[in-house]
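The values are calculated or read from the model by the stated rules, or taken from the named source; none is laboratory data. Remember, it's a predicted structure, so these values are computed and weren't measured experimentally. Here the Cβ positions follow ideal geometry from the backbone for every residue, glycine too, while neighbour counts run over all protein chains shown. Calculation scope for accessible area: heavy atoms of the full protein, side chains included, ligands and nucleic acids excluded. Shrake-Rupley method; radii C 1.70, N 1.55, O 1.52, S 1.80 Å.
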Amino acid sequence: CNLTGWWENDLGSKMQVFKVGNDGTFSGEYHTAVSSAKKPIQPSPLTGSQHLDEDGQCTFGFTVNWKKFSDSTAVFVGQCFNGEDGKEVLHTSWLLREKVDSEPDDWKATR
């Protein structure tokens with residue numbers, strides 16, 4: 001699987017991976033289509049690592065820092081699959097950590 005390029009999810013969010021290095025590291029931008037932040041959404045930097053695999057169905061992970069419009073950070077993990085139609089498909093899971101004002105509010109900080 002070549003992560004380089006544009007990817008889009010079911011909600012309309014888009015990710016651009018600029019280049020995957022020989023060691024599997026990559027960077028790019030995430031363009032989310034959904035947010036609960038009060039500021040306007042802006043493209044956000046991402047950094048990650050891909051497990052380079054010979055069968056092309058590799059695992060990967062990346063972090064998105066929403067610093068341009070939010071006090072939150074998200075991490076994604078996933079795997080690339082070769083779909084039945086021959087197109088590469090990414091399946092991911094994510095966690096979002098929002099900033100809270102105090103330790104007692106920690107319980108509601110992660111989605």
Using a 7 Å offset from the Cα along the Cα-to-Cβ direction at both residue 29 and residue 8, what is the distance between the two label points in nm, to one decimal? 1.7 nm
Using a Gaussian network for the chain with springs between C-alpha atoms less than 10 Å apart, which of these wobbles most: 65, 22, 82? 22
Let me spell out the model: positive unit charges on the Cβ of Lys and Arg, negative unit charges on the Cβ of Asp and Glu, origin at the Cα centre of the chain. What dipole size does that give, in debye rounded to 20? 600 debye
What residues have an amide H closer than 5 Å to that of residue 88, excluding those fewer than 5 places away on the same chain, when H is modeled at 1.01 Å from N in the peptide plane? 83
Relative contact order, percent, the chain [alpha-carbon distance under 8 Å, six or more residues apart]: 16 percent
From most to least accessible, 1.4 Å probe, no ligand or DNA/RNA atoms counted, 103, 29 line up as 103, 29
How about residue 108: which lysines have a C-alpha closer than 28 Å to its C-alpha, ignoring those fewer than 8 places off in the same chain? 14, 38, 39, 67, 68, 99
Work out, in µm²/s and without decimals, the Stokes-Einstein translational diffusion coefficient of the chain at 20 °C, 1.002 mPa s, Rh from Kirkwood over C-alpha pairs. 143 µm²/s
